[in-house]
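Taken together, the values in this text are just the output of simple stated rules run on the coordinates, not laboratory data. These figures come from a predicted structure and were not determined experimentally. As a convention, Cβ positions derive from the backbone with ideal geometry for all residues, glycine included, and neighbour counts pool all protein chains shown.
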Amino acid sequence: MNPEPGSDAGDPDAAHAGPAPIEVRGLVKRYGELTAVAGVDLTVRSGDVYGYLGPNGAGKTTSLRMMLGLIRPTEGSVRLFGRDPQVSVRALEGVAGFVEAPTFYPYLSARRNLEMLAAYDGFGASGRIDDALETVELTSRERDRVGGFSHGMRQRLGIAASLLRDPKLLLLDEPATGLDPAGMRDMRLLIRRLADQGMTVLLSSHLLTEVEDVCNRVAIVRSGRIVYEGEIATLKRGASSLYRLQTTDDERALAVCRAQSGIADARTDEHGRITFAAEEGAVGLLSQALVESGALIVAMAPQTVTLEDLFFSFTEGDGAAPPPPAAPPSTGHDAPAPEPAR
Amino acid sequence: MPGIGTVYRWELFKLRHQKRTYLGLGAAIIVPILFVVAIRLQHHHDHGGDFAFSSYLNRSGLAVPLVILLFGAVWMFPLITALVAGDIFASEDHNGTLKTIFTRSLERWQLFVGKTLAAATYAVTAILLCGTVAVVAGSLQSGFNSLQSLSGTIVTAPKALELVYVSLLIYLIPIAAIVCIGLLLSAVTRNSAAAVVGTLMISLLIQLIGVLPGLGSVQPYLLSTQFNAWQGLLRTPIDWSPIVQAAWVCALYGIPAILAAFLVFMRRDVAGG
């Protein structure tokens, strides 16, 4: 059973025994002078619904192609359940998915396409065609040529083609791209349903809501590098411990914040307001200290941070990998801080 | 357990659903019919041209397939062959389906062999179909009669029919080399039109070399020359030397081409589609 998105589902202690579904180390892909992927490390654990987030051109699809053995890495390694997809297609046993838009033979019907892919899969895949079509709600169109299918129908057929392999690991590249809002919702529900059935899913996307809704762990990739990898819950929890402060004497207040125990990362933001990270208990003590110093509080409020805010904080800027969100000072019972950017 | 046979069967199935297959096979059927119609329209004219069996076109229908083999080598059979061989890998690029089939349970080499066999099967089908239509149409027009061999001896109609079909099989030797060149261009260019036209251009270029003055010494080693190897069968006794030569000369063209196609297919990155 897949854990609820946002939970610490990827806890290695809870993970199934055996090699991780995906283990990527030092993955690099260069095309001449262009470095599309610049040293990616990531681990997708059994049961994860793992979001691979990044803006267009960040190297997500290239990474996925390497994971599926479609292109050879310049450096580094990919292991799927401990097997190398560059060595043999047998490494893809129990693995399915698609990169960019799923593709089919336009002059064949949906069913014929699936029959062919099932024949190529073997191992009883033909017996799963009806269920797969049913799951993606394409049974009524199974005799129609794929050439006449809409983008959304092809996306769903792509999922059906993946399901033929009875996968334990599903790699989906931008599955909701190009879909209308209803199609996107249906795709999210479908992915969640598959995850609930026990599939490990790697979901590449630049759609934050998609990832936030269905994923429990996330890697944020920028310019071919992972700038954050970890639990979405931890990421947001760390970020939600950020506060904004406005006082009658901000200069003095900043000095008080920096000197105060339990307050971290106190600084002035681009609007001249003080921001800091803290536990709730420390905030109370800070209020007292500010009053005693004569810097009276005009406003102090926790920042509401969405995954979108975090995403942009990681993926926009001067090109340098930004630091992970400030974690509140540990009080000993908190979740682990996000893993550092690589 | 999926294997080469699986790929081969599905490639043939896919060929049955593509227009270009029918374009090629249609040409293989129509050309002999048009040829026979032309013979009928010129019935009263003298057909004693200066090419093999030309004088027999009105006396035996079995001369028709042989004359078609003679002229088909210029561009018709290379084009018909290239229509599928040049497309079989490139169409996967065009449809973006390489990534779809590369992520199933079949190794790349199995896909390569299955596709190569399908392209070869199509070429064999086209040649045999063309020959059969020519035999039937020719016999309807000029009768199922005996034929004079290139050595001047008379060959009975059943024996001539046998020789026609063995000739068709011999003709498949250079056709196989054309298939290999088409497959190479298909894998390298990743573009159907470029591969089909490229294969035809190579075939025509080799023929052009053969007619250039001063290059007579290379004639025996040109692919175009090997299309005439079947004529050794129509001599008494049978002259095997052009057939043996065709086998190894065509191997020199075909084997490097198919090996190169294999390496390209095996090693290529599927970065698009």
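For this structure, a couple of remarks:
- For residues of A:110-118, the mean tally of beta carbons on other chains within 10 Å: 3
- Averaged over the residues of B:91-101, the number of partner chain Cβ atoms lying within 10 Å of the residue Cβ comes to 5.
- Full extension of the chain between A:Glu251 and A:Ala182 yields a length gain of 19.8 nm, computed as 0.36 nm times the residue separation minus the alpha carbon distance.
- FRET efficiency for B:Ala260 and B:Ser151, using Cβ-Cβ distance with R0 set to 35 Å, rounded to 0.05: 0.30
- Computed over every Cα-Cα pair of segment A:236-315 and binned at 5 Å starting from 0, the pair-distance distribution P(r) comes out as 3, 16, 28, 27, 13, 8, 4, 1, 0 percent.
- 3J(HN,Hα) along segment A:165-179, derived from phi through the Karplus expression 6.51 cos²θ - 1.76 cosθ + 1.60 where θ = phi - 60°, amounts to 7, 6, x, 9, 10, 10, 10, 10, 9, 6, x, 9, 5, x, 8 Hz, with x in place of Gly and Pro.
- For B:Arg235 and B:Ala251, the difference between the fully extended length at 0.36 nm per residue and the C-alpha to C-alpha distance is 3.3 nm.
- Per residue of peptide B:127-137, the mean number of Cβ atoms on other chains within 10 Å of the residue Cβ is 0.
- The relative contact order of chain A, computed from alpha carbon pairs under 8 Å that lie at least 6 residues apart in sequence, is 20 percent.
- Among beta bridges that DSSP assigns inside the protein assembly as shown, antiparallel share in %, nearest 5: 65 percent
- Under a 5 Å amide H cut-off, with hydrogens placed 1.01 Å from N, A:Ala295 pairs with nothing among residues at least 5 apart or on other chains.
- Gain in span if fully extended, A:Asp269 to A:Val291, counting 0.36 nm per residue against the direct Cα distance: 5.7 nm
- Label-point separation in nm, A:Glu134 to B:Leu128, each point 7 Å along Cα→Cβ: 4.3 nm
- Share, in percent, of DSSP beta bridges within segment A:22-235 that are antiparallel, nearest 5: 55 percent
- Mean residue ellipticity (222 nm) of the protein assembly as shown, computed from DSSP H runs ≥ 4 via -39,500 (n - 2.57), nearest 500: -15000 deg cm²/dmol
- FRET efficiency estimate (nearest 0.05) - Cβ-Cβ, A:Ser77 to B:Leu215, R0 56 angstrom: 0.55
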